[in-house]
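Let me begin by presenting the structure, written as C-alpha cells, before commenting on it.
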Amino acid sequence: MSSKFKVAGWVALGAVAGALTTMQLQANARSSLSPLPLEEMQQLAAVFGLVKAEYVEAVDEKKLINDAIGGMVAGLDPHSQFFDKKTFKEFREGTSGKFVGVGIEIGMEDGLVKIVSPIEGSPAFRAGLKSGDLISRIDDTAVRGLSIDQAVKKMRGDPATKVSLTIYRKAENRSFPVTITREEIKVQSVRAKVVEPGYAWLRISQFQDRTVDDFAKKLEEIYKQEPNLKGLVLDLRNDPGGLLDASIAVSAAFLPRDVEVVSTNGQIAESKFSYKASPEDYRRRGNDDPIKRLPAALKNVPLVVLVNEGSASASEIVAGALQDHKRATIMGAQTFGKGSVQTVRQLGPETALKITTARYYTPAGRAIQAKGITPDVMLDETAEGNVFAALRMREADLEKHLANGPEDNEARQKAREEARVKLEAEMAKRNEPPKPLPEFGSAEDFPLVQALNKLKGQPVIASKAPLEQKAEAKTTSTP
C-alpha cells in the first residue's frame, strides 16, 4: 500500500464519524405537496419497466425501488439517507447506545484492530482482553486489509452466537485465540476522572439515549471526590454528535435557566424553533430530569471545552452555546462544521427516511454549517505540532454539502495536499509511520495539559496554525 493511501486510512474514521452525525426532531406534520411532475414520473416508470424486462439477469423489484429511493435521497446532501431494514437497525443501535457484540472500543494500528478499551462487564472484559491488545483474525478472516467498519461488522452479530478472535499481546510477545459469546452491550458514552486535586476531566464520545444520565452520574461522582471543584475540562474531541435533546441538556447543566441554547430554521413550521436551557426542551416524556440533581456550583465552575476537527453537530451546539454565553473557554481546533438538522421519519415497521429539515444557529445567530466553531484558543495535537489535523476532512469537503456563504475549497485542498506531502516526506526520512496520538485523557494528552494550564492560570502553548473562517451570522431568509 502506498504511503498516500496509508495516510488517507489513518484519518478516514474521524471524517466518516463527522459526516454521519444526526440529530432528531420530534415533528410529525407534513408540508403540502405540489402536483407530481407527470412526464418525469412516466420516465421513472419506463426505466423501471425496461430494467425489469431487458436487464441481463432477473432483478428483484423491491431492490430496484429501494435503490431508486436511496439514489433520490443521496442526491440531496451528505446526511440525508434512506434506511432499509439493515441500515435502520444499525442507526437505532448507534443512537440507543446498545448493540450486540463483544464489547470493545477499537482503533487501528499497523493494519490490525487495536483494543482501546474493553467495556466493563462485557464478554471481552470477562475474557481478559486488555487495552493495547491487537486483533489479527476474526473467525477465519485476516484483519489486515479490512476497514474498521468491516471489522466491526464481523465482530457484531446475533445474541448468544460465538466469534473467535486471534489476539496478539505486545507486552507478552505472544498470540492466542479467544472465543467470545456475543451479547447486548450498553455503550458508555461518558468517561470522567479527577486528574489532580481540584480539577476534573469529563469526556462525551457521542450524544446518545443514555448520555444525559451517564453525564449526571459522572459529575455526581466527581463532586463526591472534589466537593470544591476548581475547574472542569469538558472534552468533545472526535464527538460526531447525536441526539439534539442530549446536547441541550448538557448545555443546560452549565448555563442559566431558560437562556437560548440553539435555534433551528427550515422550510416546515416545526423546524423554526428556539431551544432553551430548560427541562421542557430536553426532558423526555415521563422521564426524570437528572440535570436538576447536579450541584448548584456547576453553574459557575471554571470550564474549558476541548474540540477538534472531529467535533460535529450536537457537540458543536454545546461548544457554540457555551462560547456565545461566555460560559467556557473553547480550546483546540476548528470543528467539523455540520450545522444541519436531520429528522427521522419512519416509513414502515423497518424502514425510515433521514432527511435534512433545517439549519441550526448558535445563540448569537451564527450559522456554522460548513464553517464550524472557531476556538478561543487554538491548540496543536502534540507538543511537536499537528500530525493529522490538516488531513482530516470536514463538512466543507463533502460532496453536495449545504453551502454557507462564499467558500474557498481550493485553499483547503491545497493545504491538505501540502500537509500530506510533508507527512509522507517525514515518513520516508524516518522509514516508519508517525506515532499514534496519545489516548484522550492520558498524561501525554497535550491539549488536555494546556486546558488544565488555562484553568490554573498558567501559561498555555497555543498553536501557530492559521484560523479558519469564522461562522457567519443568521440571515432572515428561509433556507
Review point. Quick one: would you say Ile119 is open to solvent by 30 Å² or more (accessible area, probe 1.4 Å) and touching a residue at least 40 places away in the same chain (Cβ under 8 Å)?
Key: no
Exercise for review: Have a look at Lys98, Lys114 and point out the one that is over 29 Å from Val344 (Cα atoms) and surrounded by 13 or more Cβ atoms within 10 Å (Cβ to Cβ).
Suggested key: Lys114
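Matching residues to (1) open to solvent by 80 Å² or more (accessible area, probe 1.4 Å); (2) within 22 Å of Gln342 (Cβ to Cβ):
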| position | (1), (2) |
| --- | --- |
| Ala58 | yes, no |
| Gly70 | no, yes |
| Phe83 | no, yes |
| Lys86 | yes, yes |
Review point. Got a number for residues in region 83-128 being part of a loop (DSSP other than H, G, I, E, B), modelled with pLDDT of 85 or more and within 22 Å of Gln206 (Cβ to Cβ)?
Key: 3
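Condition check ((1) closer than 30 Å to Val341 by Cβ; (2) of a type outside the set (A, V, I, L, M); (3) surrounded by fewer than 18 Cβ atoms within 10 Å (Cβ to Cβ); (4) modelled with pLDDT of 95 or more) across all residues:
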site	(1), (2), (3), (4)
Ile180	no, no, no, yes
Lys186	yes, yes, yes, no
Ala192	yes, no, no, yes
Ile204	yes, no, no, yes
Lys217	yes, yes, yes, yes
Leu229	no, no, no, yes
Gly242	yes, yes, no, no
Ser251	yes, yes, no, yes
Phe254	yes, yes, no, yes
Check your understanding: Considering only residues of region 154-185 that are closer than 17 Å to Lys98 by Cβ and among the basic types (Lys, Arg), which is farthest from the chain's Cα centre (by Cα)?
Key -> Arg182
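Residue-wise test of (1) crowded, with 21+ Cβ neighbours inside 10 Å; (2) at pLDDT 95 or above; (3) in contact with a Ser or Thr (Cβ under 9 Å, 6 or more places away or on another chain).
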| site | (1), (2), (3) |
| --- | --- |
| Ala277 | yes, yes, yes |
| Arg285 | no, no, no |
| Leu306 | yes, yes, no |
| Lys326 | no, yes, no |
Revision key, fill the gap. Checked Gly348, Gly337, Gly320 against criteria (over 25 Å from Arg257 (Cβ atoms) and crowded, with 24+ Cβ neighbours inside 10 Å); the one match is Gly337
Point to revise | Pair list, Cβ < 7 Å and 6+ apart or interchain, from region 319-336 residues that are closer than 10 Å to Thr374 by Cα to residues that are among the basic types (Lys, Arg) and part of a strand (DSSP E or B) | key: Gly320/Arg366
Practice item. Could you tell me whether region 282-297 includes any residue that is aromatic (Phe, Trp, Tyr) and under 17 Å from Ala253 (Cα atoms)? Key: yes
Review point. Could we say that Ala46 is part of a helix (DSSP H, G or I) and modelled with pLDDT under 50 here?
Key: no
Exercise for review: Please find, within region 176-194, the residue that is nearest to Asp245 (Cα to Cα) out of those that are touching a helix residue (DSSP H, G or I) at 6+ places or on another chain (Cβ under 7 Å) and aliphatic (A, V, I, L, M).
Suggested key: Val190
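In region 361-408, which residue that is part of a strand (DSSP E or B) and surrounded by 20 or more Cβ atoms within 10 Å (Cβ to Cβ) is modelled with the lowest pLDDT?
Here the answer is Ala367.
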Review point. When the residues of region 447-468 are filtered to those that are closer than 16 Å to Ala389 by Cα and over 21 Å from the mean Cα position of the chain (by Cα), which remaining residue is modelled with the highest pLDDT?
Key: Ala462
Revision key, fill the gap. When region 273-311 is checked residue by residue, the ones that are part of a loop (DSSP other than H, G, I, E, B) and in contact (Cβ under 8 Å) with a residue 12 or more places away in the chain are Ala277, Ser278, Arg283, Arg284, Leu294, Pro295, Val301, Pro302, Asn308, Glu309, Gly310, Ser311
Study note, to complete from the structure: Going through (1) open to solvent by less than 80 Å² (accessible area, probe 1.4 Å); (2) in contact (Cβ under 8 Å) with a residue 12 or more places away in the chain; (3) part of a strand (DSSP E or B) one by one, Phe176 fails only at (2)
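The values are calculated or read from the model by the stated rules, or taken from the named source; none is laboratory data. This one's a predicted model, so the numbers in the text were calculated from it and none came from an experiment. Cβ atoms come from the backbone with ideal geometry, glycine included; neighbour counts cover every protein chain shown. We work out accessible area using only protein heavy atoms, side chains counted, and drop any ligands, DNA or RNA first. Shrake-Rupley method; radii C 1.70, N 1.55, O 1.52, S 1.80 Å.
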